[in-house]
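K.L.:
I have a structure I would like to understand better, so I am pasting it below and will then ask my questions one at a time.
The values are calculated or read from the model by the stated rules, or taken from the named source; none is laboratory data. All values derive from a computational prediction rather than experimental measurement. We place every Cβ from the backbone using ideal geometry, glycine too, and count neighbours over all the protein chains shown.
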Amino acid sequence: MKKIILFATILVIISCSHFNNISEPYRNTVIENKSLAISQFDIKLDVDESYLKFFQNGDVKKNVIDYVMFTFNDNFMNTSTFKTVEIVDIDKSDFENRSYKAKDEFEMLTPINGSTVKSNSTYDFVMIIQDFEIHSKEGSSSSGVYSGGSWSGGGNFPPTINAKFKYLIWDNNNKQIVLFGESSSIAAITSEDESPWFELVSKASRKTIKKTPFDKYPNMMY
């Protein structure tokens, strides 16, 4: 695979926790009732095992990846304009390393222009997630009180799980990139069940679709 630098005309939507870069042909458009395939290349997991009790039955990393992708897919289906959303494996033979000039120089493994992303079926659009990292961060050591959905007392904060990944959406019909970006999210670990993980993935999923041609709720405040 070769490395190229793409000087694309893009719209950049930046916040402290994510950015979307939308290619010019797709600005100020609404795309509805299309099919989307989601594929992720790998997830790097660096989480204290005490925060993984919900996933302990069997292969922990596989359980985490399965839960993350299922939740991501479900949230995407509920908040986007796509008619169908499915998780698939894709053929990466027609991909190349591409550097984009946007927020900073931004490198991703990207389909070659003019190519169709191949999988076990045909989809209108393909979302590719890569450089996915999830890590935990310890909270403050002194005691605090958790009440009403927040911590208080002595400036204490609970431990967190943190996620960050790059993504792009590819138009399989026109054989070109629609958008790319980076998303991140943080969730406080306040229980041993799946709720912190659900919050983490839901936040990250919602950010990837925010103010794009596929945003079902563009006026929603969050």
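K.L.:
Condition test on residue 199, is it of a type in the set (Asp, Glu), within 15 Å of the chain's Cα centre (by Cα) and surrounded by fewer than 23 Cβ atoms within 10 Å (Cβ to Cβ)?
P.N.:
Numbers: of a type in the set (Asp, Glu): yes; within 15 Å of the chain's Cα centre (by Cα): yes; surrounded by fewer than 23 Cβ atoms within 10 Å (Cβ to Cβ): yes.
Considered against the rule, which asks whether it is of a type in the set (Asp, Glu), within 15 Å of the chain's Cα centre (by Cα) and surrounded by fewer than 23 Cβ atoms within 10 Å (Cβ to Cβ), residue 199 comes out as yes.
K.L.:
Here's a follow-up. Within region 89-103, count every residue that is within 16 Å of residue 40 (Cα to Cα), surrounded by fewer than 16 Cβ atoms within 10 Å (Cβ to Cβ) and within 18 Å of the chain's Cα centre (by Cα).
P.N.:
Final tally of qualifying residues: 1.
K.L.:
I would also like to ask the following. What do you reckon, is residue 39 hydroxyl-bearing (Ser, Thr, Tyr), within 15 Å of the chain's Cα centre (by Cα), crowded, with 17+ Cβ neighbours inside 10 Å and closer than 14 Å to residue 178 by Cβ? Before the answer, list the steps.
P.N.:
Details: hydroxyl-bearing (Ser, Thr, Tyr): yes; within 15 Å of the chain's Cα centre (by Cα): yes; crowded, with 17+ Cβ neighbours inside 10 Å: yes; closer than 14 Å to residue 178 by Cβ: no.
No, not satisfied.
K.L.:
May I pose another question? Looking only at region 65-86, decide whether some residue is modelled with pLDDT under 85, out of contact with any Gly (no Cβ under 6 Å at 6 or more places or on another chain) and loosely packed, with under 15 Cβ neighbours inside 10 Å. Working first, answer last.
P.N.:
We begin by selecting, within region 65-86, every residue modelled with pLDDT under 85; these are none.
Scanning region 65-86 turns up no residue that is modelled with pLDDT under 85, out of contact with any Gly (no Cβ under 6 Å at 6 or more places or on another chain) and loosely packed, with under 15 Cβ neighbours inside 10 Å.
K.L.:
Only one of 122, 116 is surrounded by 14 or more Cβ atoms within 10 Å (Cβ to Cβ), out of contact with any Leu (no Cβ under 8 Å at 6 or more places or on another chain), over 30 Å from residue 157 (Cα atoms) and at pLDDT 85 or above. Can you tell me which? Don't jump to the end; show me each part of the working.
P.N.:
Values: 122 fails: surrounded by 14 or more Cβ atoms within 10 Å (Cβ to Cβ).
Just one listed residue meets the conditions, 116.
K.L.:
Quick one: how many residues across region 1-49 are at pLDDT below 90 and of a type in the set (A, V, I, L, M, F, W, C)?
P.N.:
15
K.L.:
Among the residues of region 120-131, is there at least one that is under 14 Å from the mean Cα position of the chain (by Cα), on the phi > 0 side of the Ramachandran plot and not basic (Lys, Arg)? Spell out the reasoning first.
P.N.:
First, pick out the residues of region 120-131 that are under 14 Å from the mean Cα position of the chain (by Cα): 126-131.
This time we only want the ones that are on the phi > 0 side of the Ramachandran plot, so: 131.
From the residues that got through so far, the ones that are not basic (Lys, Arg) too are 131.
So far as region 120-131 goes, yes, one or more of its residues are under 14 Å from the mean Cα position of the chain (by Cα), on the phi > 0 side of the Ramachandran plot and not basic (Lys, Arg).
K.L.:
Ok, one more. What strands (runs of 3 or more DSSP E) completely inside region 58-141 contain at least 1 residues that are under 20 Å from residue 209 (Cα atoms) and among the hydroxyl-bearing types (Ser, Thr, Tyr)?
P.N.:
On the way: elements: 84-87, 95-101, 105-111, 125-137.
Ranges flagged: 84-87, 95-101, 105-111.
K.L.:
What's the number of the only condition in (1) surrounded by fewer than 19 Cβ atoms within 10 Å (Cβ to Cβ); (2) at pLDDT 90 or above; (3) not basic (Lys, Arg) that residue 146 fails to meet?
P.N.:
Unmet condition: (2).
K.L.:
Report the residue count in region 160-185 for those that are under 18 Å from residue 40 (Cβ atoms) and touching a Gly at 6+ places or on another chain (Cβ under 7 Å).
P.N.:
Within region 160-185, the subset under 18 Å from residue 40 (Cβ atoms) is 161-170, 172, 177-185.
If we keep only those that are touching a Gly at 6+ places or on another chain (Cβ under 7 Å) as well, we get 167.
Selection size over region 160-185: 1.
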